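Here is the structure we will look at.
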Amino acid sequence: MSAPPEPPENSPEGNAESNRGHSRPVVTVPLVVAGICLAIPFGAMLWVDSYSRLTPALIGIPFFYWYQMLWVVLSTALTVVAYLLVRRHEAARRGGERK
């Protein structure tokens, strides 16, 4: 039985030793920040003891309700930030591959 053919040096599947110093990290700072932006609303909403009360009321609405509605807006803003970070990171990564 013969061994499988070796991929060419310039192919993406090339020799692992030749790619060792040139690979980029999979987890980068922008992706970590994006993950944190997505995790913050979960932590805020899962910690029910922090908002399970009636006061302070805002224009007659108990704290329990307006706090959750505030997080709807904050979650949207944090999701947009995470989306933009990931998109910019992917664009920079694609741009770097073309060189």
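The values are calculated or read from the model by the stated rules, or taken from the named source; none is laboratory data. The shown structure was predicted, so the numbers you read here are calculated from the model rather than taken from an experiment. Note that each Cβ is placed from the backbone with ideal geometry, even for glycine, and that neighbours are counted across all protein chains shown. Side chains are part of the model used for accessible areas, which takes the heavy atoms of the whole protein and leaves out ligands, DNA and RNA. Shrake-Rupley method; radii C 1.70, N 1.55, O 1.52, S 1.80 Å.
Can you tell me which residues in region 45-99 are charged (D, E, K, R) and open to solvent by less than 100 Å² (accessible area, probe 1.4 Å)?
If the condition is that a residue be charged (D, E, K, R) and open to solvent by less than 100 Å² (accessible area, probe 1.4 Å), then Glu90, Arg93 are the ones that fit.
Within region 1-17, not a single residue is modelled with pLDDT of 70 or more, surrounded by 11 or more Cβ atoms within 10 Å (Cβ to Cβ) and not in a helix (DSSP H, G or I). Figure legend. Inter-residue proximity from region 31-55: first residues polar (S, T, N, Q), second residues modelled with pLDDT under 95 and surrounded by 13 or more Cβ atoms within 10 Å (Cβ to Cβ), beta-carbon distance below 7 Å, spacing 6+ or different chains. Indicated pairs: Ser52/Phe64; Thr55/Phe63. Among the residues of region 18-31, those identified as open to solvent by less than 70 Å² (accessible area, probe 1.4 Å) and either at pLDDT 70 or above or among the acidic types (Asp, Glu) (or both) are Thr28, Pro30, Leu31.
Scan region 69-99 for residues that are over 15 Å from Ala44 (Cα atoms) and either touching a strand residue (DSSP E or B) at 6+ places or on another chain (Cβ under 7 Å) or among the β-branched types (Val, Ile, Thr) (or both) and the total you get is 3. Can you list residue pairs whose Cβ atoms sit under 7 Å apart, with the first residue in region 57-68 being under 17 Å from Ala44 (Cβ atoms) and the second being among the polar types (S, T, N, Q)? Count only pairs 6 or more apart in sequence or on different chains. Pairs found: Phe63/Thr55; Phe64/Ser52. So, in region 36-74, how many residues would count as being part of a loop (DSSP other than H, G, I, E, B) and out of contact with any helix residue (DSSP H, G or I) (no Cβ under 7 Å at 6 or more places or on another chain)? Residues flagged as part of a loop (DSSP other than H, G, I, E, B) and out of contact with any helix residue (DSSP H, G or I) (no Cβ under 7 Å at 6 or more places or on another chain) within region 36-74 amount to 4.
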